[in-house]
Amino acid sequence: MTIVDFIGVASGVGAQDHGCEAGPEALHSTCISSNLCENPVQWLTTLYPPPAQDDLHTIQLLCRGLSEQVERSVDASHRFAVFSGDHSSAIGTWSGARAAQPADAALGLIWVDAHMDSHTPETSPSGAIHGMPLACLLGHGPDELTKLRAISPVLLPQNVVLIGVRSFEVGERALLSSLGVHIYYMDEVKQRGLETVMRDAHQRVAQGCSQFGVSIDLDAVDPGEAPGVGSPEQGGIHGDELLSALATVVTDPAFVGIEISEYNPAHDVGQKTAQLALALANTIVR
């Protein structure tokens, strides 16, 4: 049975609403009370923002530490589930997974999100770094984040897909379009069904990649089912459909780990979002 490392990242530095910084520890408490954090699952650690000169430097140091932790998990042949506060932590998560691969390998990523998270500082209306992590992983953004580890870019456009997008700005769409990144907008998900789209996405990212992972921003889910997020968007994915679709891809031996971000306990109702987040992570336990 494969060991699964749960890793918390208690930071909201990259977001405008910092409430998601409380998400990982809230999930840790729920994990313990629900007996989920038992073999083969271990809550390995929770990382916190280090002292730094500004937000960019804080995120750089935090993501570097996270990347090293994820790399150790992958090197130990463990799967990982990162519970991050804001989604800027994705830069660290997937930089670490890539660093654990040979230099000539490729990493695939399925990005499930209501948003594209593909701004650069030049295109972002808010300047919030949680709107930039996918662009950084693709090599576009501040050097402090695009060159976090030796390999840059971390991801190649042909190995990335987005699912569930329904809110975005012109600048980030233009970047992803110019790179040729495939996007399954929410209209297509509703038309074809999430399981069908997820199977397509799996085939795309697995082709030519030795490993792949899944990054989930909980705002991809309809806020009626996941109210505990910082940036809710109506008309999203159903939670049970996401659980079912995810289960179809995590059985692949090439699957390396999952990231679940942007849980804000202050906005949750009856722990609906917390229970969904832990259920999503539980799908990777094999």
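Every read-out reported here was derived from the displayed coordinates using simple, explicitly stated rules and does not represent laboratory data. All figures in this text were calculated on a predicted structure; none of them were measured in a lab. Neighbour counts run over all protein chains shown; Cβ positions are idealised from the backbone, glycine included.
Here are some notes:
- Nonlocal amide H pairs with Val154, under 5 Å, H built at 1.01 Å: Gly139
- Summing +1 for each Lys or Arg and -1 for each Asp or Glu among the other residues whose beta-carbon sits under 9 angstrom from that of Val4 gives +1.
- Between Ser210 and Asn282, the FRET efficiency from the beta-carbon distance, with R0 = 30 Å, is close to 0.75.
- The length gained on full extension between Asp55 and Gln234, counted as 0.36 nm times the residue separation minus their Cα-Cα distance, comes to 61.5 nm.
- Where only C-alpha atoms are counted, convex hull volume of the chain per residue in Å³: 110 Å³
- DSSP-defined antiparallel bridges as percent of all bridges, segment 4-282, nearest 5: 5 percent
- In this simple spin-label model, placing a label point 7 Å from the Cα along the Cα-to-Cβ direction at both Glu169 and Ala247 gives a separation of 3.9 nm.
- Of the GluC sites (Glu not before Pro) found in segment 87-191, the ones in coil according to DSSP and having at most 12 other Cβ atoms within 10 Å of their Cβ are Glu122.
- 11 Å beta-carbon shell around Gly108, net charge (K/R +1, D/E -1): +1
- Annotation for Arg192 and Ser34: the two label points, set 7 Å from Cα along the Cα-Cβ direction, are 3.0 nm apart.
- Here the label points at Lys272 and Ile3, each 7 Å from Cα along the C-beta direction, are separated by 3.7 nm in the simple model.
- Applying the Karplus relation 6.51 cos²θ - 1.76 cosθ + 1.60 with θ = phi - 60° to segment 135-146 yields 3J(HN,Hα) values of 4, 5, 5, 8, x, 10, x, x, 4, 4, 10, 7 Hz, where x marks Gly and Pro.
- Karplus 3J(HN,Hα) series, Hz, for segment 229-245 with 6.51 cos²θ - 1.76 cosθ + 1.60 (x for Gly, Pro): 9, x, 10, x, 9, 5, x, x, 6, 7, x, 5, 5, 5, 4, 5, 5
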